[in-house]
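The values are calculated or read from the model by the stated rules, or taken from the named source; none is laboratory data. In this text the structure is predicted, and so the values were computed from the model without any measurement. Ideal geometry is used to build each Cβ from the backbone, glycine not excepted, and the neighbour counts take in all protein chains shown. In case anyone asks, the SASA skips ligands and DNA or RNA and just uses the protein heavy atoms, side chains included. Shrake-Rupley method; radii C 1.70, N 1.55, O 1.52, S 1.80 Å.
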Amino acid sequence: MFPIFYAEAFLDHRTGAYHPERPDRLKAIVKQLKSQSWADQLKWQLPGDRPELLNIISQIHPRDYVESVKRIASRGGGRIDMDTSVSPSSYDVALLAVSAWLDAVDLVVHQGQPSFVLARPPGHHAERDRGMGFCIFSNAAIAAYYALKQFTIDRVAVLDWDVHHGNGTQAILETHPQLAYCSLHESPNYPGTGSANETGYYQNVLNIPLPPNTTSETYRQVFQDKVIPFLSHFRPDLLIISAGYDGTKADTISQMLLQPEDYRQLSQWCLEITPHLMFGLEGGYDLESLAESVVKTIEPFMTVNL
C-alpha cells in the first residue's frame with residue numbers, strides 16, 4: 001500500500017476568488033487518484049495530532065511570526081503579503097499541513113515506506129520570519145530538521161522540482177552541514193533567487209536555473225547530468241521532494257514545456273537514489289496537468305508497473 005496523507009480540512013484554507021492556489025487543486029488530484037486502476041493500493045491517512053507541534057515549528061519559525069499568523073486568522077483573515085492569503089481557518093490548516101509532512105517522515109524512518117503528502121498551503125517560499133509566495137510555514141525545511149532528530153538519520157536532502165526556486169527552504173537548510181538542497185527552476189521567474197553561484201555554507205546547495213521554454217528532453221538530461229550526481233554524492237538517509245507541478249506546458253504560471261509523463265521518470269530516478277523518500281505537494285495550478293502529474297509521480301510505486 002502507498003500512503004497518501006490527506007485531510008478534507010486542507011480545503012478550508014481559503015485564498016479568495018481567482019487565486020491560483022485554491023482548494024480545487026486538491027479536489028482534482030483526489031478525484032484523479034481514485035479513478036486509477038491501482039486506486040485500491042493507496043492508503044489514505046489523516047495527519048495525526050501532535051501536542052509538541054508548535055515546539056517543532058518554533059525551531060524553524062520564531063514564535064512571534066507563528067503568533068502573527070494565528071492573530072490574522074483569529075481576526076477573520078487577511079494577507080501576509082500581496083500573494084499570500086490567510087483565512088479564518090488558515091492557521092489551523094497550516095499547522096495540519098506541517099503535521100502531515102512530519103507523519104510522512106515518521107513513516108519513511110520507521111517503516112521504510114515512501115509516501116505522498118497531499119496538503120496545502122505549500123511551503124517552500126516561506127522564510128524563517130515571513131510567509132510569501134502562497135506559503136505560510138516552511139513544510140519541507142521543518143520536516144528535514146525534524147528528520148535529523150531520528151536516530152537512524154544523519155543526512156537529509158530536499159529536491160525541489162517546483163518551477164519556482166524555493167528561497168525559504170534553501171535559506172533554512174543551507175547553514176546546516178547535514179542538510180542539502182537542490183532546485184531546478186525557471187529563471188527569470190518569481191522570487192528571483194536561486195542562481196547557480198548560490199552553493200550553501202557547505203557546498204550543500206545545487207541550484208539549476210533553466211530558461212523559459214525548456215523542453216522535457218533538456219530537463220531530463222540536466223537531471224541526469226547534475227541532480228543525480230549531486231544527490232548520490234551527498235548520500236541522503238532521507239530524500240524529501242518538494243513536488244511542484246507548475247512546470248508543465250499546460251500551466252500558465254510558467255513557460256516551461258514539461259509533460260506529466262516526465263514526473264514518472266523523475267520519480268523513478270529518485271527511487272534509484274534512495275528508497276527512503278517522501279513527496280510533498282508544492283505548486284501546480286492547471287488542474288488537469290497537476291492531477292495527472294501527481295498520478296505519474298506515484299505510478300513507479302504501484303505493483304501494476306513492476
Item to check | Estimated 222 nm signal from helices in the chain, with DSSP H stretches of n ≥ 4 weighted -39500 (n - 2.57), rounded to 500 | outcome: -10500 deg cm²/dmol
Checklist entry - How about Lys43: which aspartates and glutamates have a C-alpha closer than 19 Å to its C-alpha, ignoring those fewer than 8 places off in the same chain? => result Glu8, Asp103, Asp106, Glu292, Glu299
Next on the checklist: How big is region 1-74 along each principal axis, measuring the range of its Cα positions in Å and listing the largest first?
Outcome noted: 47, 33, 18
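Could you calculate the FRET efficiency of Gln221 with Thr252 from 1/(1 + (r/R0)^6), where r is the beta carbon distance between them and R0 is 25 Å, rounded to 0.05? Intermediate results must be reported in sequence, preceding the final value.
Values: r = 25 Å, r/R0 = 1.01.
Here the calculated transfer efficiency is 0.50.
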Checklist outcome for this item: In terms of the alpha carbon gyration tensor, root eigenvalues a ≥ b ≥ c, rounded if a/c is under 1.5 and otherwise prolate when a/b exceeds b/c or oblate, region 131-182 is prolate
Checklist outcome for this item: Of the convex hull enclosing the alpha-carbon atoms of region 45-124, the direction-averaged projected area in nm² is 5.8 nm²
Checklist entry - How far is it, in nm, from the label point at Glu261 to the one at Asn213 when both lie 7 Å from their Cα along the line to the Cβ? => result 2.3 nm
Item to check | the chain: relative contact order in percent, alpha carbon pairs under 8 Å with at least 6 residues between | outcome: 19 percent
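Provide the per residue accessible area, probe 1.4 Å, for the chain, rounded to a whole number of square angstrom.
Working: 12150 Å² over 306 residues.
Each residue of the chain exposes 40 Å² on average to a 1.4 Å probe.
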Next on the checklist: Going Cα to Cα from Lys70, which aspartates and glutamates come in below 19 Å? Please leave out same-chain ones fewer than 8 positions away.
Outcome noted: Asp12, Asp49, Glu52, Asp81, Asp83, Asp92, Glu127, Asp129
Checklist entry - Whose amide H sits under 5 Å from the amide H of Phe2, counting only residues 5 or more places off or on another chain, with H placed in the peptide plane? => result Leu42, Lys43
Item to check | Accessible area of region 1-58 belonging to carbon and sulfur atoms, whole % at 1.4 Å probe | outcome: 50 percent
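Kindly identify region 74-222 as rounded, prolate or oblate by the Cα gyration tensor criterion: order the square roots of the eigenvalues as a ≥ b ≥ c, call it rounded if a/c is under 1.5, otherwise compare a/b with b/c, prolate if a/b is larger, else oblate. Please list the in-between numbers first.
Numbers: a/c = 1.66, a/b = 1.09, b/c = 1.52.
Oblate.
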Next on the checklist: Out of all Cα-Cα pairs in region 144-214, roughly what percent, to the nearest whole number, are more than 19 Å apart?
Outcome noted: 32 percent
Checklist outcome for this item: With all protein chains present, region 170-306 has a carbon and sulfur share of its accessible area (1.4 Å probe) in percent of 50 percent
Checklist entry - Using +1 on the beta carbon of Lys and Arg, -1 on that of Asp and Glu, and nothing else charged, what's the dipole of the chain about the Cα centre, debye to 20? => result 420 debye
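Go ahead and run the numbers for FRET between Phe151 and Asp24, Cβ-Cβ distance against an R0 of 41 Å, rounding to 0.05.
0.50
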Checklist entry - Could the peptides 212-218, 283-289, 50-56 be put in order, highest first, of the mean number of other beta-carbon atoms found within 10 Å of their residues? => result 283-289, 212-218, 50-56
Checklist entry - Taking one equal scatterer on every alpha-carbon of the chain, how large is log10 of I(q)/I(0) by Debye at q = 0.13 1/Å? => result -0.85
Item to check | Residue-count net charge about Gly131 - beta-carbon cut-off 11 Å; Lys, Arg +1, Asp, Glu -1 | outcome: -1
Checklist entry - Kyte-Doolittle mean at least 0.5 and Cα extent at least 18 Å along the axis: which DSSP H helices of the chain qualify? => result 90-111
Checklist outcome for this item: The equivalent-ellipsoid semi-axes of region 55-98, taken as the square roots of five times the Cα gyration tensor eigenvalues and listed largest first in whole Å, are 17, 11, 10
Checklist entry - Going toward the positive end of the dipole of the chain, with +1 on Lys and Arg Cβ and -1 on Asp and Glu Cβ, which of Pro212, Ile29, Phe137 do you reach last? => result Phe137
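Express in % the proportion of alpha carbon pairs of region 192-306 at distances exceeding 19 Å.
Details: 3246 of 6555 pairs.
Counting pairs separated by more than 19 Å, the tail of P(r) holds 50 percent.
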